[in-house]
Each structure stands twice: as structure tokens, then as C-alpha cells.
Amino acid sequence: YQHREVRVREFELGFVVWAEDRPEGPVSDGGRQRLVIARDSGEATLWPGLPVGEVIRRYEEEYGTPAGEQAAAPEPPQRVDLNQTSFLLT
């Protein structure tokens, strides 16, 4: 009954899940698709039977890159005159 082995590869945006034929078991005639589960929402999307690295690349292209890789908003300039006065005391 265990014809195929389930594999999982984690990446920053989620998980890719697929099944492979077992070496000592019978060979299936299909089912090479990949399932991607989004880390943030748990939403599952079905992808064609491409290499896993390619599925990850296309998923990131379609749904964005991880939050840590997004361009950070520039920090506002720091004021340097906080301890200075604009007038002279007489």
C-alpha cells in the first residue's frame, strides 16, 4: 500500500510537498505535481511537476519574496541640532 514516499522541502515562504516512487516499489504512471503550502496563511497551491527549486523560484516570483528581503524603508534623517539654540543669550 505504500507505493510512494512523501517528501517535504521547507523554504522561507512555505513548504513544497511531493511524492516520489519508492525504489523497491511499483512505479506510478503520474502524479508528478507539487503542492506548495504558504507559511503565513496555510493556503495550498498546486504546481506542475517541475524541479523543486524551480517551483520555489516561480512561487516567490508569483507571491513575493520573504519579508526580510524586502527593501527596508529608509530611516528619517537624524536631527543634529537638538542641543543647540538658534539665538544667543545676552
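Values quoted throughout were computed directly from the atomic coordinates according to the rules given, and no laboratory measurement underlies them. Treat the numbers as computed from the prediction; the structure is a model and nothing was measured. Counting neighbours? That spans all protein chains shown, and the Cβs are built from the backbone with ideal geometry, glycine included.
Descriptive notes on the structure:
- Residue count for the stretch 37-57, restricted to those that are on the phi > 0 side of the Ramachandran plot and either of a type in the set (A, V, I, L, M) or part of a strand (DSSP E or B) (or both): 0
- Matching residues, the stretch 1-20, being assigned to a loop (DSSP other than H, G, I, E, B), surrounded by 12 or more Cβ atoms within 10 Å (Cβ to Cβ) and free of Cβ contacts under 8 Å to residues at least 40 places away in the same chain: H3
- Qualifying residue in the stretch 21-28 (condition: of a type outside the set (V, I, T) and not in a loop (DSSP other than H, G, I, E, B)): yes
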